[in-house]
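> This structure is in structure tokens; I'll ask about it shortly.
The values are calculated or read from the model by the stated rules, or taken from the named source; none is laboratory data. From a predicted model like this one, the values you see are computed outputs, not experimental measurements. Cβ sites come from the backbone with ideal geometry, for glycine too, and all protein chains shown count toward neighbours. The area values use the complete protein model at the heavy-atom level, side chains included, leaving out ligands, DNA and RNA. Shrake-Rupley method; radii C 1.70, N 1.55, O 1.52, S 1.80 Å.
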Amino acid sequence: MRSLGIDTSNYTTSVAVVEDGAVRQYRRLLPVPEGKRGLRQSEAVFLHTAALPELLEQAFSEFGAPDRIGVSLKPRPVEGSYMPAFTVGSGFARALAAATGAELRPTTHQEGHIAAVLFEAEKMELLAAPFYALHLSGGTTELVYCRGRKSVIVGRTLDISAGQLIDRLGVFCGLQFPCGAALERLAPERGTVPPLCAAKGCDCNFSGLENRSKKLIEDGADAGSAARFLFDSIERTLVKMIETAMARCGEAPLVLCGGVMSNRSIREGLSRQFETVSASPAVSADNAVGVAALALLEEVR
């Protein structure tokens, strides 16, 4: 059976085909003007509308029509979750399903991120067991307790997300948005400034780390040293949040998903502390793969 996944998040137009355990990705990062830290939703909607037809043409030319079409309708599987960018993907998916006769299987952006990691790691059976998912991206920092397709947020940022924090320092250093990969390349393996912990129980406040890392540069530190301090502080904060959550809710495997999980040092630091499931950077940052994989499953309750 062949499944097509579509996800139109705020910064990536993403299509994936999953068939017989194999996956093919088609992605386009939305262009952000130099010096800017993001896009307005209206800009993202326009760019998705322009990019998605070409990606779908590539997928259909290589694989033909799918049996099922998965699409993310909204950011999270909670009441009131909404973002205009996702209406582009959902509209295309509905039209394709009507035209091809494929079964439409809607899901959410967050569920797709989680499933993308489980699919690549060949751990989809975890969907039937309790686990935690740490979702870190440009718009989200959430620790979610999951069982099947049911989930509850047990920890989150109370201000900016981890991705925003990294991008703000990167833009401050003159890097092009999104800045995560470039900032990681600047960071030395070991830092000289002790990291800080921004956790408040299972939650966190990251804006103080933004101010502290920028102050390091203003006081004469180079961008790499500030980046190392920032990454180590994010890791320390996340460890404390997870430890607190597991003390309250019980221990379980931890799925690392979202674009920030492409950061090797943060990912490996968490893996030294907990039983983790992670994926390659390309899959961590993309969840049309997970959307397509979920479309192949029967409902997990």
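> Excluding ligands, DNA and RNA, what is the solvent-accessible area per residue of the chain at a probe of 1.4 Å, expressed in Å²?
Counting only protein heavy atoms, the per-residue value for the chain is 43 Å².
> Still on this structure: Taking the alpha-carbon set of segment 212-272, what are its Rg and Dmax in Å?
Every Cα atom of segment 212-272 included, Rg and Dmax give 14.1, 44 Å.
> For every other residue with a beta carbon closer than 14 angstrom to the beta carbon of residue 139, add +1 if it is Lys or Arg and -1 if Asp or Glu, then tell me the sum.
+2
> Quick check for me: using +1 on Lys/Arg Cβ and -1 on Asp/Glu Cβ, what's the dipole size of segment 1-148 about its Cα centre, in debye to the nearest 20?
For this selection, approximately 400 debye.
> While we're on this one: If you place +1 on the Cβ of every Lys and Arg, -1 on the Cβ of every Asp and Glu, and leave all else neutral, what size is the dipole of the chain about its Cα centre, to the nearest 20 Debye?
Here the chain has a charge dipole of around 620 debye.
> What is the P(r) of the chain, as percent of Cα-Cα pairs per 20 Å bin from 0?
Bin by bin from 0 Å, the calculated values are 35, 56, 8, 0.
> Please report, largest first and rounded to whole Å, the three semi-axes of the ellipsoid equivalent to segment 130-231, where each semi-axis is the square root of five times an eigenvalue of the C-alpha gyration tensor.
Equivalent ellipsoid of segment 130-231: 28, 14, 12 Å, largest first.
> What per residue convex hull volume, in Å³, do the alpha-carbon atoms of segment 145-185 yield?
Measuring per residue, one finds 97 Å³ for the Cα hull of segment 145-185.
> Which whole-Hz ³J(HN,Hα) couplings does segment 264-277 yield from phi under the Karplus relation 6.51 cos²θ - 1.76 cosθ + 1.60, θ = phi - 60°, glycine and proline marked x?
Running phi through 6.51 cos²θ - 1.76 cosθ + 1.60 with θ = phi - 60° gives 4, 5, 5, 4, 5, x, 5, 5, 6, 9, 9, 7, 10, 10 Hz.
> While we're on this one: Over all directions, what mean area does the Cα convex hull of segment 161-301 project, stated in square nanometres?
9.5
> Under a 1.4 angstrom probe, counting protein chains only, how are 222, 159, 7 ranked by accessible area, largest first?
Descending order: 222, 159, 7.
> Positive end of the charge dipole of segment 236-301 (Lys, Arg +1 and Asp, Glu -1 on Cβ, about the Cα centre): tell me which of 278, 265, 289 has its Cα farthest that way.
So the residue furthest toward the plus end is 265.
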